[in-house]
Every structure is written in structure tokens, then in C-alpha cells.
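Structure first, then comments.
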Amino acid sequence: MPTIEFFGMHREERDTLEKRVRALLTEEEFREDCVFVTAPDSHVLDWKGQRRPFIRVSTRSEQRADRFRKLLQHTCDLEIVRIDFQAMIGSSPDEGQHNG
């Protein structure tokens, strides 16, 4: 599931940007897989102390990462994080019963 997080924004700015991102994702087949993470107001500053808000998208799919890049390139600074997922061993009844 792509995880979309907002950093360095005040609540109103974050809410507005989330609505915009949701609108951009409307036609994407993976939109219902996305989760949006909000946290208390945060501050993101560059070396010189200037604000540098951004969105972080974490996904396992290179195709989805590319799609997010295209969709959001004119919307905000974007950080794409490719993640790996490992299901817990024994998380399903059939796990752990393999013979090699």
C-alpha cells in the first residue's frame, strides 16, 4: 500500500494539499490502496533555515513510484521511498509447513 506522508506543513496547508493529491489520484487504479498519514504540525528547514515542506511516498512498486513522480511533479517537493515488505512467518495457516 502506498503511504503518503506530509512534512513541514501547518494543518490547513496539509489538508489543502491532501485534497489536491486525492484529486490527482482519482483516476488511478491503485488509489484505494493508498493510505494518508497526518501528524501534528512539523517544521522542515533547509541548511539556511528556509521552509522546505514535502510529501513522502513510500511504496514497494517501481511503477507506482514513477506514477507518483509524474502526478505530483508540479504539486510539491516529493521524496519517494522504495520499501520492502516481509510478511510475518507463520502469518497464515499454510506458512511454516513447507518442506524445503
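So the values come out like this:
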| item | result |
| --- | --- |
| 1.4 Å probe accessible area per residue over the chain, in Å² | 75 Å² |
| Protein accessible area in the chain, 1.4 Å probe - carbon and sulfur % | 48 percent |
| Difference of contour (0.36 nm per residue) and Cα-Cα distance, residue 87 to residue 73 | 1.8 nm |
| Acute angle (nearest 10 degrees) that the helix 62-72 long axis makes with the longest principal axis of the chain, alpha-carbon atoms | 20 degrees |
| Distance in nm between pseudo-label sites at residue 46 and residue 3 (7 Å out along the Cβ direction from Cα) | 2.7 nm |
| Taking the convex hull of Cα positions in the chain, its mean projected area over all directions (nm²) | 9.2 nm² |
| Sparsely packed chymotrypsin sites (Phe, Trp or Tyr not before Pro) within the chain, loop by DSSP, other Cβ within 10 Å at most 12 | 47, 85 |
| Cα-centred dipole magnitude for the chain, charges only on beta-carbon of K, R (+1) and D, E (-1), debye, nearest 20 | 460 debye |
| Cα long-axis angle, helix 11-25 against the chain (0 to 90 degrees, to the nearest 10) | 60 degrees |
| In order through the stretch 76-86: 3J(HN,Hα) via Karplus (6.51 cos²θ - 1.76 cosθ + 1.60), integer Hz, x for Gly, Pro | 5, 5, 9, 10, 9, 10, 7, 10, 10, 10, 10 |
| The stretch 28-84 - percent relative contact order, Cα under 8 Å, separation 6 or more | 32 percent |
| Trypsin sites (Lys or Arg not before Pro) restricted to the stretch 5-49 and DSSP loop, no more than 12 other C-beta within 10 Å | 48 |
| Rel. contact order, % - alpha carbon contacts under 8 angstrom, at least six apart, the chain | 31 percent |
| In order through the stretch 51-57: 3J(HN,Hα) via Karplus (6.51 cos²θ - 1.76 cosθ + 1.60), integer Hz, x for Gly, Pro | 4, 9, x, 7, 10, 10, 10 |
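The values are calculated or read from the model by the stated rules, or taken from the named source; none is laboratory data. What you see is a predicted model; the values in this text were computed from it and never measured. So basically every Cβ, Gly included, is an ideal-geometry build from the backbone, and we count neighbours across all protein chains shown. Each accessible area value is taken on the protein alone, full model and side chains, heavy atoms only, with ligands, DNA and RNA left out. Shrake-Rupley method; radii C 1.70, N 1.55, O 1.52, S 1.80 Å.
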